[in-house]
1. Give me the percent relative contact order of the chain, please, defined on Cα pairs under 8 angstrom at least 6 residues apart.
2. How many Å³ per residue does the convex hull of the Cα positions in segment 135-246 occupy?
3. What distance in nm separates the two pseudo spin-label positions at C237 and A70, each 7 Å out from Cα along the beta-carbon direction?
4. Restricted to Cα positions, what overall size does the chain have along the principal axes? Three whole-Å values, descending.
5. Is segment 7-171 rounded, prolate or oblate when judged by the Cα gyration tensor, a ≥ b ≥ c being the square roots of its eigenvalues, rounded requiring a/c under 1.5 and prolate requiring a/b larger than b/c?
6. Given the Cα atoms of segment 201-269, and with Rh set as the inverse mean 1/r over their pairs in the Kirkwood sense, what is Rg to Rh to two decimals?
7. Would you work out the charge dipole size for segment 7-171 about its Cα centre, treating the Cβ of every Lys and Arg as +1 and the Cβ of every Asp and Glu as -1, and quote it to the nearest 20 debye?
8. With contacts defined as alpha carbon pairs under 8 Å and 6 or more residues apart, what's the relative contact order of segment 7-171 in percent?
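Since every read-out is calculated from the coordinates, none of them should be taken as a lab result. These numbers come from a predicted model, not from an experiment. So basically every Cβ, Gly included, is an ideal-geometry build from the backbone, and we count neighbours across all protein chains shown.
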Amino acid sequence: MSIQWFPGHMAKAKQLLAECIPLVDVVIELRDARIPLSSSNPLLAQMLGGKPRVIALTKPDLADERRTAAFAARFEREGVVCVAVNARDNKGTRELLNVAKQTAERTIPRDRAYGRALRTSRVMVAGIPNVGKSSLINALCQRKAARTGALPGITRAKQWIRLASGLEMLDTPGLLWPRLDDPDIAFRLAVTGAIGEGGFDRFELVERLVQFLVREYPAVLAERYSVGVASAADATCILTAIGERRGCLALGGQVDLARVADLVLLEFRLGKMGRFTLDRE
Ligand SMILES: Nc1nc2c(ncn2[C@@H]2O[C@H](COP(=O)(O)OP(=O)(O)OP(=O)(O)O)[C@@H](O)[C@H]2O)c(=O)[nH]1
Ligand SMILES: [Mg+2]
């Protein structure tokens, strides 16, 4: 799959992160729970240097629960604290906040007499586009402080948000890295919504999604759309059958494959077909 995304605002995002990392005590690196490895940003890792970080696995409601737990345990074994957080129902947000605060306070000078941290903690929230950075900040501060949206590239500048506890959080624009050479990683990033529309061929993406589902979750398409699922090579046939079932027809009465692709991608991203983890350990 060839992916093009325009690096103009990415270059800006990279510069902004590089400028802000020295200002914070800890970085919360957000990774999509559906792709905990593919959403790991090598550029961010490089920029962090020795800065303390914790990993938050976002959108766990869309991912396979057992795999999320396994990945969290793996990251912990590798020495990074990891918490799954659902910005929709706040599950995990308190734990994440506590962990981030504790990690931050280890680096802040303390009052000699009372042992209190001498200033409030500063926490950066960073990660790939659309991973849920702004939504997480809103969940943590319990108000709509940062703008969010279903497409990548919503946050374009930095924004400091102060929590009731005094802790300061920095929302940042999503960052991708300059080369997506691995077609599997490119597919996973695109299908989960990290890459802007126009950066990839939508129909090709959905064909790959169908192939993935037939291979790894063979019952899902049959259950959701009541279509026969013979083999992954039949992606276009499967999409045509879905189009007939759902009445996605063009003016002449034939199936409108572009509309079917939109429908399948949307339903996958909304979790209507079930919960999936695309990365394997
Ligand atoms: N299902 C689910 N959706 C979520 C969750 N958190 C965020 N979202 C959705 O993910 C989409 C992206 O959220 P944002 O908070 O705007 O993501 P972002 O990382 O700030 O995106 P950019 O600023 O564009 O880089 C929105 O449609 C959110 O509603 C979650 O825990 N579960
Ligand atoms: Mg944002």
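1. Working: 479 pairs, mean separation 58.6, N = 281.
For the chain, the relative contact order is 21 percent.
2. Hull volume over Cα atoms, normalised by residue count, gives 156 Å³.
3. Result: 3.1 nm between the two label points.
4. Result, largest extent first: 79, 38, 33 Å.
5. Numbers: a/c = 1.40, a/b = 1.21, b/c = 1.15.
Because its axes are fairly even, with a/c under 1.5, segment 7-171 counts as rounded.
6. On the way: Rg = 11.0 Å, Rh = 11.8 Å.
Reported Rg/Rh (Cα atoms, Kirkwood Rh): 0.93.
7. Details: 28 positive and 15 negative charges, 64 e Å.
Approximately 300 debye in magnitude.
8. On the way: 278 pairs, mean separation 38.8, N = 165.
Reported relative contact order: 24 percent.
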